[in-house]
Amino acid sequence: MADVKWLTQEAYDALCAEVAQREGPLRQEIVRRIAAAREEGDLKENSGYHAAKDEQGHNEARVRQLRSILESAQVGQPHADGDQVAHGRVVTIRIPDLDHEETFLLASREEAAHAEIEVYSPTSPLGSAVDGRRVGETVTYELPNGKVIEAQILAVAES
């Protein structure tokens, strides 16, 4: 189940509410604006019509994206031992080369709206490097600029 997207109940409910809003009131409002713009006449030079059609396209694309996320969503957290990094856990690392410590939540982008600390995706370079590892392990990951960074996992806690 590598394509599973783990979400908290709060994030899942928020995405469901967004789908309902986009498929209901927002979709109806956009259709109303398109109809009103059509009544104005020549569609080639009707900026209101083109703006509403663009918005309709963006709205429908977001609905498809949300539906895809929700179809593969699993509410809760994957099983992991207490000292093991996993989705939904708060991780503290130390980067010796920079003499820097950082604490973050390993979670999906959808969780970031509800988090009070920095969120890293399990698919990000750092997230994929630490995912499944344990306290005390040292990992390396590559930054977008090509630089390789070493990080030591100091602590893992439930979020």
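Odds and ends about this structure:
- Residue that is surrounded by the fewest Cβ atoms within 10 Å (Cβ to Cβ) [pool: residues in region 130-141 that are over 19 Å from Ala112 (Cβ atoms) and within 21 Å of the chain's Cα centre (by Cα)]: Gly132
- Restricting the first member to region 139-159 and to residues that are outside any strand (DSSP E or B), and the second to residues that are open to solvent by less than 60 Å² (accessible area, probe 1.4 Å) and of a type outside the set (S, T, N, Q), the beta-carbon pairs closer than 7 Å and six or more apart or on different chains are Leu143/Ile149; Ser159/Gly88; Ser159/Arg89; Ser159/Val90; Ser159/Leu105.
Table: residues versus (1) within 15 Å of the chain's Cα centre (by Cα); (2) of a type in the set (Asp, Glu).
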{"site": "Gln9", "(1), (2)": "yes, no"}
{"site": "Leu15", "(1), (2)": "yes, no"}
{"site": "Arg27", "(1), (2)": "no, no"}
{"site": "Asp42", "(1), (2)": "no, yes"}
{"site": "Thr92", "(1), (2)": "no, no"}
{"site": "Asp97", "(1), (2)": "no, yes"}
{"site": "Glu102", "(1), (2)": "no, yes"}
{"site": "Ala112", "(1), (2)": "yes, no"}
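The values are calculated or read from the model by the stated rules, or taken from the named source; none is laboratory data. Just so we're clear, the structure is a prediction, and the values are computed from it rather than from any experiment. Because the Cβ atoms are built from the backbone with ideal geometry, glycine has one as well, and the counts that use them run over all protein chains shown. Please note that ligands, DNA and RNA were not included when accessible areas were found on the heavy atoms of the full protein model with its side chains. Shrake-Rupley method; radii C 1.70, N 1.55, O 1.52, S 1.80 Å.
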